[in-house]
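Chemist: Below is the structure I would like to discuss, written out as structure tokens.
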Amino acid sequence: MNPRRRDLVTVAALVPVGLAVLFFALPILGVVVRAPWGRPAAFVSGEVGSALLLSIVCALAAAVLAGLLGLPLAVWLAARDSRLRRVVRVLVTLPLVMPPVVVGAALLAAFGRRGLVGEPLHDWLGLVLPFSPAGVVIAELYVAMPFFVLAAEAGLRAFDSRYTAVAATLGASPLLRFRRVVLPMLGPTLLTALVVAWARALGEFGATITFAGSLEGVTRTMPLAIAAALESDMDTALAMSLVLIAVSAAILFGLRERWLPARRAQ
């Protein structure tokens, strides 16, 4: 191909790339430009601090629970194909396509004070999950765990079983093979899945406000605080948005430096 024509083709191919990058960058740039830089108090108010702390703690709890519950489920789903596993996979995927308000209503039907599980928990143990920090974690876990399970299952299905076969010939038990061979090699994939689950939990809004409410200092996470501020103070809403964007970006960049070296080592 003529070098000039090749250069034109390359430039033409980069146009949609540039448009896509611009599409992602413009909203962030808009927040940065419109943020109330002349009002420093808007960035460090007590409401921002409490909402941010609640968001980070609840999202971390949801991500940890997603890993603890989701990894065994992903291993089971990846082990072989069957009708039961297909049904379970659809069940796991449903939260990805359900409207958030429907998720919240479903959680109330299951874990509310008159729910299938919530009523016995309230009558026998006095536990009330809705409109509590535990309710925030449950709502975030329900919408975040599918991301971890599907990513972990994909990694397990792509795993080269010859490594575990070699370990088996050396006398390693199935549990030892999984712990000493599979987990270290899939570490970057699992860490990425956990980060995605954490990010999804951090940004959850619809299910949280429906199931846990928006009680300031109790269940009002940053997305809920931003929504509340949008109704009365746009500057505060933009300041909160910028804080959440900065925290999310810092954590994602920090973790990226940890998982990329491991990925290159493979």
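Chemist: Just want the answer: with Cβ charges of +1 for Lys and Arg and -1 for Asp and Glu, which residue in Leu242, Leu190, Thr169 is farthest toward the dipole's positive end in the chain?
Modeler: It is Thr169, whose Cα lies furthest towards the positive end.
Chemist: Could you pull out the trypsin sites (Lys or Arg not before Pro) across the stretch 22-98 that fall in loop regions by DSSP (anything but H, G, I, E, B) with no more than 12 other Cβ atoms inside 10 Å?
Modeler: Arg80
Chemist: Here's another thing I want to ask about it. Can you give me the long-range amide H partners of Ala212? Hydrogens built in the peptide plane at 1.01 Å from N, cutoff under 5 Å, separation of 5 or more residues or another chain.
Modeler: The answer is Phe131.
Chemist: Could you quote the convex hull projected area for the stretch 94-183, Cα atoms only and averaged over all directions, in nm²?
Modeler: That works out to 8.4 nm², a quarter of the Cα hull's surface.
Chemist: Also: For the pair Leu69 and Ala227, how long in nm is the line joining their label points, each one 7 Å along Cα→Cβ?
Modeler: 2.1
Chemist: Å³ per residue of the Cα convex hull, for the chain?
Modeler: Looking at the chain, the number lands at 205 Å³ per residue.
Chemist: Right, another one. Taking the Cα centre of the chain as origin, work out the dipole magnitude from +1 charges on Lys and Arg Cβ and -1 charges on Asp and Glu Cβ, in debye rounded to 20.
Modeler: The dipole of the chain has a size of about 1420 debye.
Chemist: For the stretch 47-107, compute Rg over Rh where Rg is the Cα radius of gyration and Rh is the Kirkwood radius from the inverse mean 1/r over Cα pairs.
Modeler: Rounded to two decimals, Rg over Rh is 1.11.
Chemist: I would also like to ask the following. Would you please calculate the Kirkwood hydrodynamic radius of the stretch 160-236 over all C-alpha pairs and express it in Å, rounded to one decimal?
Modeler: So the Kirkwood estimate lands at 16.1 Å.
Chemist: In nm, to one decimal, how far is the modelled label at Val31 from the one at Leu215, with both set 7 Å along Cα→Cβ?
Modeler: Here the modelled spin labels are 2.8 nm apart.
Chemist: If the elastic network links every pair of Cα atoms under 10 Å, which of Met240, Met98, Met222 fluctuates the most in the Gaussian network model of the chain?
Modeler: Met98
Chemist: Determine ³J(HN,Hα), in whole Hz, for all residues of the stretch 179-195 in sequence, where each value follows from phi through the Karplus function 6.51 cos²θ - 1.76 cosθ + 1.60 and θ = phi - 60°; x replaces Gly and Pro.
Modeler: Those phi angles translate into 6, 9, 10, 5, 4, x, 6, 8, x, x, 5, 5, 5, 4, 4, 5, 5 Hz.
Chemist: Follow-up. Going 7 Å from the Cα of Arg179 in the Cα-to-Cβ direction, what parts of the stretch 190-216 have a backbone nitrogen less than 14 Å from that spot?
Modeler: none
Chemist: Between Leu96 and Arg114, 0.36 nm times their residue separation minus their Cα-Cα distance comes to what?
Modeler: Between Leu96 and Arg114, full extension yields 3.9 nm more.
Read-outs throughout are calculated quantities, based only on the coordinates presented, and are distinct from any laboratory measurement. All of these numbers come straight from a predicted model, not from anything done at the bench. Reconstructed Cβ throughout: ideal geometry from the backbone, glycine too, with neighbour counts over all protein chains shown.
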